[in-house]
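We did not get these values from a lab; they are worked out from the coordinates using the rules stated. No experiment lies behind these values; they were computed from the predicted model shown.
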Amino acid sequence: MQTITLWAGKRPAPRTTPSSLKLHLWSRSSLPGVAGARAISRALLAAVAVTLAGICAATGAKAAAGAPASGAIERADVYYQHRGDLDNVRKALAIVQAEVAKNPQSYAAWWRIAEYDCYLARHLPDNQQIPILEDGVKAGKKAEALEPSRPEGHFWTGTDQGLLGEDRGLWGGLHLIDPVRDEMQTVLKLDPDYQEDGAERVLGRLYYEAPFFKGGDKNLSVRVLQHCLERFPNNSLTMLYLADSYRSTGRREQARKLLEKMLTLQPTPADAPELADNQADARRELKKYFHQDG
């Protein structure tokens, strides 16, 4: 399964997402048999991770608004900016973990642990991911408790939960879908620009992946992701997801053009690792679905 980064970006002035764009059909009623449920849950959890793993994408670590970064946080940020080398991610983690050991009230350190754990886990073998993601969820919840009106803790908690759900499989992960959705809707209320409309992008991907009785609607996915792209027209992850939604609704030419446009994007210091991952996925999709090399 290809790993796609769903949850990352930044956002404009706060706004409330229209109710028509929210997942509201995720009840647990009328589940199919075990075999069907297994296939459905894999799709849902893959979406969350896809959208979640995506998650871990494109952003340099940033200090929480309104609070100056400590020297330790600044050092961790410098290492994380060079996260293409996982040793730098581990060094950044060690710094912020030492910071919360000294100062358990450090919101900036707690949410960074959740973010760094997310990035590290998705670049490791499957059998090494669960304890790291569990640590990330705990750290994200600590951040939420300290600053419930800030988006970072909610976003990275939800992201880590989604990846954890995928790793745990059917029954171990199904119960995490609603919490992930709730975290993303909270982020939309607090700061819809965070991670370049990352929370709405995650919901758009879920509309694409989910079965109809769990809120799935590929045409709605197109509309949500188009809205994300209008707001942040150079977000490569949104382009990648929208291309999938276009293709699934018969708009193949629009999908092809969007994938080709992705390959013209130039990296910035903030998003270079994620852009490289997303462009590699775009090349694979162009070859697989359109028989052309990127």
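Out of every Cα pair in region 148-294, what percent are spaced more than 19 Å from each other? Write out the running numbers ahead of the final one.
On the way: 6022 of 10731 pairs.
Summing the P(r) tail past 19 Å for region 148-294 gives 56 percent.
I'd like the projected area of region 99-203, averaged over all directions, using the convex hull of its alpha carbons. Report it in nm² with one decimal.
Numbers: hull surface 25.4 nm².
The directionally averaged projection comes out at 6.3 nm².
For region 97-153 and region 225-294, write down the distance between their C-alpha centroids in whole Å.
Here the answer is 29 Å between Cα centres.
Could you state the principal axis extents of the C-alpha atoms in region 245-294, from the largest down, to the nearest angstrom?
If we take the Cα atoms of region 245-294, the spans are 35, 18, 14 Å.
Can you give me the long-range amide H partners of GLU196? Hydrogens built in the peptide plane at 1.01 Å from N, cutoff under 5 Å, separation of 5 or more residues or another chain.
GLY9, LYS10, ARG11
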